[in-house]
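To keep things clear, I will list the structure first and then write my remarks on it.
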Amino acid sequence: MIKRFCYDPIITTGAVVKDLPYSNGSPEPFTVTENGFTLDMDAKTRVYGLGETMRGINKRGWIYESRCTDEPFHTEDKRSVYGAHNFILIDGKDRFGAFFDLPGRITYDIGYTDSDFITITPENFALDLYIITGDSLKAIVSEFRSLIGKSYLPPKWAFGYGQSRWGYVTEDDIRRCADQYKDARIPLDMLYLDIDYMDSFKDFTVHPERFPDLKAFAAEMKERGIRLIPIIDAAVKKEEGYSVYDEGHEKGYFCKDENGEDFVVGVWPGKSVLPDFLDPEASRWFGQQYKALTDLGIEGFWNDMNEPALFYSEKGLERAIEEVQKIDIEKIGALDFFGTRDVLVKLQNSDSDYKSFYHNTPEGRFAHYDVHNLYGYRMTKSAYDALCELRDEPSLLFSRASSIGAHRYGGIWTGDNHSWWSHILQSLQQMPGLNMCGFLFSGSDIGGFNGNCTRDLLIRWMSFALFTPLMRNHAAFGTRSQEAFAFGDTEVFRHIITLRYRLLPYLYDEFVKAVENDTMYFRPLAFDYEDDEIAATIEDQLMVGDSMMIAPIYRQNADARHIYLPEKMTQVRMHEGEISTEELNKGWHYVSIPLGDVVYFTTSPIPLGEPVRNTSEVIWEKQDTEN
Ligand code: GLC
C-alpha cells in the first residue's frame with residue numbers, strides 16, 4: 001500500500017507516474033519534526049536503499065546526502081556520489097519504504113549521530129513523501145517501483161562486453177583494440193569513444209583527422225560485430241561559429257545568470273554553457289542534436305559530466321584570481337599558502353555557482369541549486385526521447401548523474417572509481433540499492449577508472465562484473481593499460497568473458513523479468529530469506545535473478561572465502577573454460593576459488609549457451625544443457 005503525504009512541494013521530481021490522493025494525518029511510523037522526519041531503530045533494524053551511495057548494503061551507521069556529486073574519490077567518508085536516490089527501506093520493528101520526492105538536497109543520518117535514530121532532513125522542507133508498506137521487503141520494493149514506472153530496457157547487444165579507455169584517440173587506436181580482442185579470441189560487442197573523438201571536445205562533432213569518416217568506420221566495426229558508443233558531455237563549448245552553441249544561444253536554451261546572460265563555466269572544452277534540460281523546449285532541442293551521430297550509424301551513447309560537473313565558473317575564476325594576486329610572497333605563511341591553494345580547489349562544483357544560475361521550468365524559474373538533482377536525469381530523458389524518434393530500434397543509453405525517474409530512460413554507471421580491491425566490493429554493494437530505485441542497467445568501470453590496474457585485480461573484477469547488466473572495462477587517461485589482452489596471457493580473460501556470453505540467455509531473461517515485474521535483478525540475501533538471521537547479515541553475496549547467487553573474491557591474494565548458503569544449492573565452477581558442479585548443503589562453506597575460476601550457485605539448473613564471439617551469435621532462448 002502507498003500513502004502520499006503533502007509538505008507543500010514547490011517542485012517535485014517527476015519520478016512518480018501515479019496520481020495518488022494525499023492522505024491526512026502523520027506519515028507513520030515517522031515522526032515529523034520542524035526540520036524533517038525521525039524514527040527510532042531497535043538493535044535489529046536494517047536499512048536498505050539510497051541507490052548509489054557508499055558503504056554497505058545495510059546503510060545503518062553512516063550519514064548520506066542526496067546530492068549528485070562529481071566525486072572522483074569514492075572513499076568511505078563520502079556522503080554522496082553521482083546519483084541522488086531518495087528511496088529507503090527500513091526493516092525492523094517497523095517495516096516500510098519511503099520515497100522523498102524533492103529535487104533538492106536531503107540528508108539521511110542513519111544511526112550516525114545517534115546509533116538508534118534515523119533523522120532525515122530535507123534542506124528545503126517542501127516535498128511529497130510516499131510511505132510504502134507490503135508483506136515482504138520484495139513486495140515493498142515492487143510497490144514502490146510500480147509508483148515510478150518501468151525501468152529502461154536496453155537492446156540485447158548492450159548486454160555484451162564493452163571496452164573503453166579515455167586515451168583511444170584515433171580510429172587506428174580503436175581498430176587496434178578490436179584486432180587485439182579478435183586475435184585473443186575474446187568476445188566483444190562494444191568499443192567506447194571518450195571525449196577525444198570530438199573536435200575540441202565539442203558535443204556532436206567528430207575530429208576531422210582522428211576520425212576522418214566516422215560513418216564508414218562505424219560500418220566497418222559493425223561488420224565485425226562491434227558497435228561504437230560515443231560519449232556526450234552535458235556542457236556545450238562557448239564558441240561562435242559552432243552551430244550547437246550558436247543555435248542554443250540564440251534561442252535562449254542555456255542556463256542563465258541572474259541578469260539573464262548565459263552562465264559560463266569551465267569544463268573539458270574550456271569555456272562552456274549548460275543546456276537547460278529542465279526547459280522542455282531546450283531539452284527537446286538538445287536531444288535532436290544526437291542525430292548528427294545517429295546519422296553516422298551510432299546506436300548508443302553514454303552521457304557524462306551531468307551533475308553538472310563544473311571545474312569553475314567564469315565569475316568564480318575571476319574572483320579567485322583576484323584573491324590569489326593579493327598574496328604577499330614576502331609574508332606568506334603555511335596557513336596562507338594552504339588557504340590560497342584551496343581558493344582554486346574550491347571553485348570546482350561549488351554551491352555558490354549552483355546558486356548563481358537558473359532554469360526555466362514549466363513550474364517557473366528555479367535557481368539550479370534547488371533543483372540540482374534533476375539535471376542528469378533530465379539530460380538522460382532528453383536523449384532518450386530523441387533517440388526514440390530518431391531510431392527505429394532501441395538504443396543503448398547510460399549516464400553518470402541520475403535521480404529516480406531517470407531509471408525509465410537509461411542506465412547508469414557508477415562513475416570514476418579506482419583500481420582498488422575495495423571497489424569490487426563497493427560495486428557489489430551498490431547494485432541492490434540501485435535496483436530498488438529502478439536502476440537495473442548498471443555496472444562499474446571494470447578494473448577501476450583511476451589508478452593502475454593489475455592482472456589479478458582485473459581477473460577478480462571481471463569474475464564479479466560478468467554478472468552485472470552493464471559490463472564495461474574503462475580506464476582513465478594516463479593509467480596503465482587494462483584491456484583483457486593487456487597482461488600478456490589472454491586465455492584466462494577469454495574464459496571469463498566467454499562465460500558471460502554463455503550465461504546471457506539466463507541473465508538477459510532475468511533482467512527482462514525484473515523490468516516487466518518491477519522486481520530486482522540483484523538482491524541482498526535478506527530479501528529472499530527473510531527468516532534467516534545469517535542471510536540478513538551478509539554484505540558480500542548477492543542473489544542474481546530467480547535462481548542464482550554470487551559470492552566473488554574481492555581481496556588481494558585471497559584464493560578462497562567463506563560463503564553462506566541459505567539453502568541447499570548447486571555450486572557451479574568454471575575452471576579453464578570447463579564447467580563442473582557440486583551439491584552443497586545449507587550453511588557456511590569455505591570455498592576455494594583460485595584466480596581465474598568463476599564460482600556461482602544455483603537453486604535450479606541454469607542452462608548455458610555455446611561459446612560465441614559476440615551477441616549476434618547468442619541463442620537467447622534458454623537451452624537445455626548443463627547447469
Ligand atoms: C569523466 C568520466 C570518465 C571519462 C572522463 C573523460 O571523468 O566519468 O568516464 O573517461 O570524464 O571524458
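The values are calculated or read from the model by the stated rules, or taken from the named source; none is laboratory data. Note that the structure is a prediction, hence the values are computed from the model and not measured. With ideal geometry, Cβ positions are generated from the backbone for all residues, glycine too; neighbour counts draw on all protein chains shown. Only protein heavy atoms, including side chains, enter the accessible area calculation; ligands, DNA and RNA are left aside. Shrake-Rupley method; radii C 1.70, N 1.55, O 1.52, S 1.80 Å.
Note on region 1-36 and region 320-352: Cα centroid distance 44 Å, given to the nearest whole angstrom. Across region 507-617, C-alpha contacts under 8 Å between residues 6 or more apart give a mean separation that, scaled by the residue count, equals a relative contact order of 21 percent. For the peptides 610-620, 377-387, the ranking by packing is 377-387, 610-620, with the highest mean count of neighbouring Cβ atoms within 10 Å listed first.
The accessible surface of the chain, taken with every protein chain in place and a 1.4 Å probe, is 47 percent carbon and sulfur. Protection proxy ranking, highest mean first, for peptides 121-130, 298-307, 256-265: 298-307, 121-130, 256-265, where packing is the per-residue count of other beta-carbon atoms within 10 Å, averaged. Candidates 501, 249, 470 compared by Cα position along the dipole of the chain: farthest toward the positive end lies 501, with charges placed on Cβ. Ellipticity at 222 nm from helices only: DSSP H runs of n ≥ 4 in the chain, each -39500 (n - 2.57), divided by the residue count, give -7500 deg cm²/dmol. Its Cα centre serving as origin, region 10-96 has a Cβ charge dipole (Lys and Arg +1, Asp and Glu -1) of approximately 260 debye.
Kindly rank 193-203, 165-175 from highest to lowest mean number of other beta carbons found within 10 Å of each residue.
Descending packing order for the listed peptides: 193-203, 165-175.
Magnitude of the charge dipole for region 154-270, about its Cα centre and with charges confined to Cβ atoms of Lys, Arg (+1) and Asp, Glu (-1), is about 820 debye. Which residue, 120, 50, 92, has the largest displacement toward the positive end of the dipole of region 50-129 when charges sit on each Cβ (Lys, Arg +1; Asp, Glu -1)? Positive-most Cα among the choices belongs to 92.
Across region 2-148, the mean sequence separation of Cα contacts (distance under 8 Å, 6 or more residues apart), normalised by length, yields a relative contact order of 31 percent.
Applying 1/(1 + (r/R0)^6) with r as the Cβ-Cβ distance of residue 562 and residue 222 and R0 = 56 angstrom yields a FRET efficiency of 0.80. Considering only 554, 337, 321, the residue lying farthest towards the positive end of the dipole of the chain is 554, judged by Cα position with unit charges set on Cβ. In region 4-24, which residues have a backbone nitrogen under 17 Å from the label point lying 7 Å from residue 385's Cα in the Cα-to-Cβ direction? 12-17, by backbone N distance to the label point. In the full protein context, the chain carries 38 Å² of accessible surface per residue, based on a 1.4 Å probe and ignoring ligands, DNA and RNA. Once you have a ≥ b ≥ c as the square roots of the Cα gyration tensor eigenvalues for region 2-148, tell me rounded if a/c is under 1.5, and otherwise prolate or oblate according to whether a/b is larger than b/c. Rounded, since a/c falls under 1.5.
Computed extension gain for residue 146 through residue 259, at 0.36 nm per residue and net of the alpha carbon distance, reaches 36.5 nm. Each DSSP beta bridge with both residues in the chain is either parallel or antiparallel, and the antiparallel ones are about 75%.
Answer rounded, prolate or oblate for region 507-617, using the Cα gyration tensor with square roots of eigenvalues a ≥ b ≥ c: rounded when a/c is under 1.5, else prolate when a/b is larger than b/c, else oblate.
Judged from the Cα gyration tensor, region 507-617 comes out oblate (a/c at least 1.5, b/c at or above a/b).
Here the contact order of the chain, divided by its residue count and restricted to Cα pairs under 8 Å and six or more residues apart, works out to 15 percent. Using only side-chain charges placed at the Cβ, +1 for Lys and Arg and -1 for Asp and Glu, the dipole size of the chain relative to its Cα centre rounds to 680 debye.
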